[in-house]
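The values are calculated or read from the model by the stated rules, or taken from the named source; none is laboratory data. Remember, it's a predicted structure, so these values are computed and weren't measured experimentally. Ideal geometry is used to build each Cβ from the backbone, glycine not excepted, and the neighbour counts take in all protein chains shown. Remember, those area values only see protein heavy atoms, side chains included, never the ligands or the DNA or RNA. Shrake-Rupley method; radii C 1.70, N 1.55, O 1.52, S 1.80 Å.
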Amino acid sequence: MSVNGDYLNATIQYLNILTGDEVVKDTFKGKDSYAFHCPFCSHLVQSPQARTRRTARLIREGPGTWVFRCSRGFHSDCRGGTRSMHNFLLILNPDLFREYQFSLAWTDPRNHKELKRFKTRL
């Protein structure tokens, strides 16, 4: 599995724990997607029925490319269209995002020498 696939799975598991409900795999406009309760704006909704709606999605845009979209958009972190997986992960869990960046850097052989040197300084 690719780095993006590994961190997509990690993000889905994190969302399962964070929202307290299971992330559901489905399709959105003919594309694979995962639907879940928005971690940014679900707590801002007054109605209990509205809180149970899965308004946020991770949508596959291409091979290994995912975007985040919330149809509610009550919070500044989920308003304004789509966010790349990178930006979504940065807002959702900065520690997991740093690990994701480091893993992506390892996929490029030009970075191996510099990353080894960096890792020894930590």
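Points to keep in mind about this one:
- Candidates per GluC sites (Glu not before Pro) in the stretch 21-103, loop by DSSP, up to 10 other Cβ within 10 Å: none
- Calculated FRET efficiency for the pair E99/T52, C-beta based, R₀ 35 Å, to 0.05: 0.65
- Positive-end residue, the chain charge dipole about Cα centroid, Cβ charges, pick of S2, N87, V24: N87
- Summing Cβ point charges (Lys, Arg +1; Asp, Glu -1) relative to the Cα centre of the stretch 16-122 gives a dipole of roughly 260 debye.
- Annotation note: trypsin sites (Lys or Arg not before Pro) in the stretch 13-112 located in DSSP loop regions with a Cβ neighbour count of at most 14 within 10 Å are K29, R79.
- Crossing angle, helix 94-106 versus the chain [Cα axis fit, 0-90 degrees, rounded to tens]: 40
- Dimensionless Rg/Rh of the stretch 21-122 - Kirkwood Rh, Rg from C-alpha atoms: 1.09
- Under a 5 Å amide H cut-off, with hydrogens placed 1.01 Å from N, E61 pairs with W66, V67 among residues at least 5 apart or on other chains.
- With all protein chains modelled, accessible area of L90 [1.4 Å, Å²]: 80
- Calculated from backbone phi, Karplus (6.51, -1.76, 1.60) coupling profile of the stretch 63-75 in Hz, x at Gly/Pro: x, x, 10, 10, 10, 9, 8, 10, 7, 7, x, 7, 10
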